[in-house]
Structures are given as C-alpha cells and as structure tokens.
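**Student:** There's a structure below that I have some questions on.
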Amino acid sequence: METSAAAAPAGSFFPSFLLLVCGTLVAAVLGAAHRLGLLYRLMHKVDKVSVRHGGESVAAVLRAHGVQFLFTLVGGHISPLLVACEKLGIRVVDTRHEVTAVFAADAVARLSGTVGVVAVTAGPGLTNTVTAVKNAQLAQSPVLLLGGAASTLLQNRGALQAIDQMSLFRPLCKFCASVHRVRDIIPTLRTAMAIAQSGTPGPVFVELPIDVLYPYFMVQKEMVPPIRPKGLMGRGVSWYLENHLANLFAGAWEPRPEGPLPLDIPQASPQQVQRCVEILSRAKRPLMVLGSQALLPLTPAHKLRAAVETLGVPCFLAGMARGLLGRNHPLHIRQNRSAALKKADVVLLAGIVCDFRLSYGRVLSRSSKIIIVNRNRKEMLINSDIFWKPQEAIQGDVGSFVLKLVEGLQGQTWASDWAEELRQADREKDQSFREKAMMPVAQHLNPVRVLQLVEETLPDNSILVVDGGDFVGTAAHLVQPRGPLCWLDPGAFGTLGVGAGFALGAKLCRPDAEVWCLFGDGAFGYSLIEFDTFVRHKIPVMALIGNDAGWTQISREQVPCLGSNVACGLAYSDYHKAAIGLGAQGLLLSRDNEDQVVKVLCDAQQQCRDGHPVVVNILIGRTDFRDGSIAV
C-alpha cells in the first residue's frame, strides 16, 4: 500500500524521536536504563558499521524452508525484506491488491504442501488482507503473513499507518508475534512456520517493525541525535535512545539455525484404527466422503488414491479432494450425495465436518454408524449429539489413517450392487443435465451447454480455479477436475474474489499446467485488475466468465421470496475489452457465434500456450438448473 506524498514525512520513515519520548518517563527510568544499557553493551557487541539489515534474516529463513515465491504489494515498511528475498533468488511477485497476494500464497500452500508467504506494509496494507486471511483459516491453509509496522519506539504514539495489528489478527491466526529485536527474527519465523503446518494447518502472522528491518546506521541516524544534548532532560533522552538502539541490534548477526523445526501432526492410535476396521468389515453399504484434509502433505496424493482404490468403498470427493480419482472413476460418485448418505449403513467422514455443507449432520441417517477422522477435534464434533452422533471420532491425520485402514482390512471387498446402485443414480442425473443443456434460453447461450463443452475441451494437465456463485455452482456438477490437487475453490468461507490470486499461485507452482478459471461475472469484478499482474509477470492463465448480467445466485431466491431484484442487477459488460486494455487477450462468446464455442475455447488455449493471459467473456442466459439452491 503506497503512502501518499501528503501523508508521508518528507525523506524519512523515522520521525524525530526527541519530540515523542516523554520526559517524565525518562526521569523515572534514567539511572536504571543507563546502567543496564552499559552492562548490555559489554555483554553483546553491536556492529555499528554493518550495512546488513533484518530483511536479510527474513529472506534467509524463507530460503532455508524452501520458499520459492513471496507475494506482496510494496510499501516502505517492508522494502528491506523484499530486496533481500530478490537477492537470494526468491521470486517476488507484486499484485495490485493485498488480498490477491494472500490468495496467491494460499494457493501455493495448497498445491505445494509448504507454507505460502506474503508480505504487506503496515496499517491499511494489513487490513486489506483480512478477508483472505480468514478464508485461509477456514480452509486450513498454512500461510505466513509478514506485516510491516511502525518502529518500536513509535508504537501507540500516532505514527503513520500505526494501529493495533496484533489484536486484529489474533482471532484469525494460529500464532501472532511482534519482533522487537533483530536477533529474534530468525527464531520467531521458524516457530511461526512450524505452527502454521502443525496440527490443523492455518495462517500465522509475524509483525516486523520498520526499525528491525533497516540497517543500524539508518536507524541510528533517525533515532539518536548526532550531538549529545545539554541538560538533564536532553542527556536522559539521549541515553534512553542509545540503550534502546543497543538492545535492538545486540547479537543481531550471531549465527542461528534457519531451517525447519519438527512438525506436530496428530495420528490415530492402533486401537482406534482397529475399531474402525471392525466396523467397516461388517458393513454392507459403506460410503466415504473425503475432504480437503485428506490431501495434506503427510500422504502423497498418489498413495492416497491407491489406498482408496484398494479399499473399494464408493466415495464422494469434496474441496481439495476433488479430482483425487481422476475423471469418471467407478468409485467416484458425483451426484445425489444426500440420498446416498441416508442409505449407507457405515459412513466414513475423512477430513470433512458436519457444517452447512452436510446440512449440519442432518443428511446422515440415525441408523448409520459414523466414523469421523479429522486433525481438529473441536471442528470434528461440531453439531454432534444434535443432528448426528459418531460411532468413532478420531483426531488424527486423515491420509495416514486411510492407509492404515486399508492395511487392517487386508483386501476385503463389498457387494458390487451397492456401488452400481449409486452409479445408476449418477447416470440418471447426467441424463437430466443433457436434457437441460438442450433447452432454449431467452437470450444468449445456455450455460449448461457451455459448461458441457468446457468439460469436453478441458485438457488432462489442467488446474481448475472457481470463483463465483450460480455459474460456478452449475460447473461443480458438470466439470470434472482431471487429477488430484487440480481444483481450487475458496472453501468453507465461500469467499468471492479468490480467482486471480488462486490462478497466480497455481500457475507459479505448476508452470506446465493449464490454469482455467471459471468466474461468475459478479466475482470477476474483484479480479479484473490483476490481469495487469498476469501481463507484467508473464502468467498465462485463462478466465472463462459466465456473464449473465447479475448476482444470479442471490436473485434466484430474493425475487420469488421478497419480490424485488434490488442490488442484484449488473450489465453484460465488455470484460474481454477491459482485459485487452490491460494488455491481455480478450474473446467474446455469444449467440452470434454459439456454433464456435469449442473453437473459441481452443483459440484461448493456444493464446495461453503462446504466453498470453486470456479472458473469454461468455454471454449466458438463465435456466432453472439451480432453482431451489441455497445461497445463504
């Protein structure tokens, strides 16, 4: 977040400390501070001529943890760490809004199995990230947020962009720390990154005041007057500042371990696994629902897929688990989840919880035996004993548990008629989709037909990023991710605006993959400006906008329930032309060229392969495909 010239002090980020240190405070602590400061400087040598700075310590820790990308929006508070990262070969990727930087780091965390890292400046730079940090918390993504801050002596004194950042982020993050000495940067960051990945993953926040990031000589120049003042008050202030400066940099460059700390990952006990083996061994109609936690790094995706196939239990895939079994796998049941859960006699909820996505547990039958495994015990038991009750509730890593379960069952199989019954329901639903795709719409293109053609065109090496309401909700039924970790949606928070950031992180993580973004026209408004980012950083991604000129998921309920379409209307805007104005490629699909949908999609693919980001503006009409869907 850049600072306006009117707001920023000319030529300096460090206003004079002499006018800001209270005289009565100095008088009270003068003697003690001076004696302790002299003793401290005898014990810890301070390198007063070094040009090294705290940003180098930040960069060293990130490199030691294998961090490849740092997402940011530049600001003076954090400039040293950005420059240091660039020097160490960490790619610094700047976005046009801080929220996009966090979403990009979130995508990197999900796809790489490491910590995604973002750095933003103080005050409004940090407040702009709040939605994305909360999204990462609910999606259980390990994201490290580095935030600039006013210098340590200017906290709570009205400094530029200075607010109580720690109180803001404590409810959003697993760990929050403010670094007040240069020597504490490395151990604090190592701790933060370990906590982000341990237990239930999630975001962490480290605040880095400006005077722990800049070199000693610059901080000294702004903090300590070159000529010692006369008089008791002046000498007291000077002594206090010198002592503070000595403590700030004492031991700053002593060698310290920079690499990763051990992670704490909960595991199911052998006794728990055995009890679940016994429950499943007696099942006639078992069913499994795999959620995002199943794809956390302890168990590689290919091993988890092999275990699911060996287990042979029909399964639904949700969140980041979508695509685990590839396209059209016989064990993957895609439709009629609620009906299937009611019929199952044993249900394994692996990395998914009974929140609104499972109707708070009401979709589960009272007669079913429920096994649930999750790293987070509190979330695992949400709504239990109200709408549902677990037979076994296991706090542990999901992927590891599934592998142990397969070992215990030793190749047991279940009657094929159960899986065939579920697959037949899928086929019937698919037939109804084909019928809806052929229905005429009042204007423009039928979105169901368009998405069927997207499904037919989507390549095997694609990653799907979805950001929107009605159009994306339709796509979830029709478009299948081609493999594991190839589907990125916001998660439990249902956040709009994730698209550009997720696409950015995905393409950087997997440069050989084609990144296809499915946008609603409402959601695309958050991401449009980031096509400037894609152009500047040469990130070729493809955005398909389902443009129905409205917030349709809301209007589907608001109009029949309340009789008004107020605030739901948009326009059939020329988003493809706006993309061209930002240096990207833009294409239009409408009723005028409805027989060329596949050709236009292939043209967009080729432009991406040639290195250009592309926007395909698809004008669509409205169908009854999602009538009755829940928007709130």
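**Student:** What is the number of the single condition among (1) of a type in the set (A, V, I, L, M, F, W, C); (2) assigned to a helix (DSSP H, G or I); (3) more than 24 Å from Gln137 (Cα to Cα) that Met320 does not meet?
**Tutor:** (3)
**Student:** Right, here's the next one. Looking at segment 527-539, is at least one residue part of a helix (DSSP H, G or I) and of a type in the set (Gly, Ala, Ser)?
**Tutor:** Within segment 527-539 (the criterion being part of a helix (DSSP H, G or I) and of a type in the set (Gly, Ala, Ser)), the answer is yes, since at least one residue qualifies.
**Student:** What are the residue pairs meeting all of these: first residue in segment 338-349, first residue free of Cβ contacts under 8 Å to residues at least 24 places away in the same chain and under 12 Å from Cys276 (Cβ atoms), second residue hydroxyl-bearing (Ser, Thr, Tyr) and in a strand (DSSP E or B), Cβ atoms under 6 Å, and 6 or more apart or on different chains?
**Tutor:** none
Results for (1) surrounded by fewer than 21 Cβ atoms within 10 Å (Cβ to Cβ); (2) more than 14 Å from Gly469 (Cα to Cα); (3) touching a strand residue (DSSP E or B) at 6+ places or on another chain (Cβ under 6 Å); (4) modelled with pLDDT of 95 or more, shown as yes or no for each residue.
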position: Lys507; (1), (2), (3), (4): no, yes, yes, yes
position: Leu518; (1), (2), (3), (4): no, no, yes, yes
position: Phe524; (1), (2), (3), (4): no, no, yes, yes
position: Arg556; (1), (2), (3), (4): no, no, no, no
position: Val566; (1), (2), (3), (4): yes, yes, no, yes
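**Student:** Something else now. Applying the selection to segment 105-137, what residues are in a helix (DSSP H, G or I), surrounded by 24 or more Cβ atoms within 10 Å (Cβ to Cβ) and of a type in the set (Gly, Ala, Ser)?
**Tutor:** Result: Ala105, Ala107, Ala109, Gly125, Ala132, Ala136.
**Student:** Just one of (1) in contact (Cβ under 8 Å) with a residue 60 or more places away in the chain; (2) of a type in the set (Val, Ile, Thr); (3) not in a helix (DSSP H, G or I) trips up Val92, so point out which.
**Tutor:** Going through the list (1) in contact (Cβ under 8 Å) with a residue 60 or more places away in the chain; (2) of a type in the set (Val, Ile, Thr); (3) not in a helix (DSSP H, G or I), Val92 breaks only (1).
**Student:** Between Leu144, Leu153, which is modelled with pLDDT of 95 or more and either among the aromatic types (Phe, Trp, Tyr) or crowded, with 19+ Cβ neighbours inside 10 Å (or both)?
**Tutor:** Leu144
**Student:** Let me ask something else about it. Can you say whether Leu478 is in contact with a helix residue (DSSP H, G or I) (Cβ under 7 Å, 6 or more places away or on another chain) and either assigned by TED's automatic domain parsing to the domain that holds Ala139 or touching a residue at least 60 places away in the same chain (Cβ under 8 Å) (or both), as far as the supplied structure shows?
**Tutor:** The answer is no for Leu478.
**Student:** I'm told Val402 meets every condition in (1) closer than 30 Å to Arg510 by Cβ; (2) surrounded by 15 or more Cβ atoms within 10 Å (Cβ to Cβ); (3) touching a strand residue (DSSP E or B) at 6+ places or on another chain (Cβ under 8 Å); (4) assigned by TED's automatic domain parsing to the domain that holds Cys602 except one. Can you identify the failing condition by its number?
**Tutor:** (4)
**Student:** Considering only segment 323-340, state which residues are outside any loop (DSSP other than H, G, I, E, B) and touching a Leu at 6+ places or on another chain (Cβ under 6 Å).
**Tutor:** Those that are outside any loop (DSSP other than H, G, I, E, B) and touching a Leu at 6+ places or on another chain (Cβ under 6 Å): His332, Ala340.
**Student:** Could you list, in sequence order, all residues of segment 181-201 that are out of contact with any Asp or Glu (no Cβ under 9 Å at 6 or more places or on another chain), in a loop (DSSP other than H, G, I, E, B) and surrounded by fewer than 24 Cβ atoms within 10 Å (Cβ to Cβ)?
**Tutor:** Across segment 181-201, the qualifying residue is only Arg181.
The values are calculated or read from the model by the stated rules, or taken from the named source; none is laboratory data. These numbers were taken from a predicted model, which means no experiment stands behind them. We place every Cβ from the backbone using ideal geometry, glycine too, and count neighbours over all the protein chains shown.
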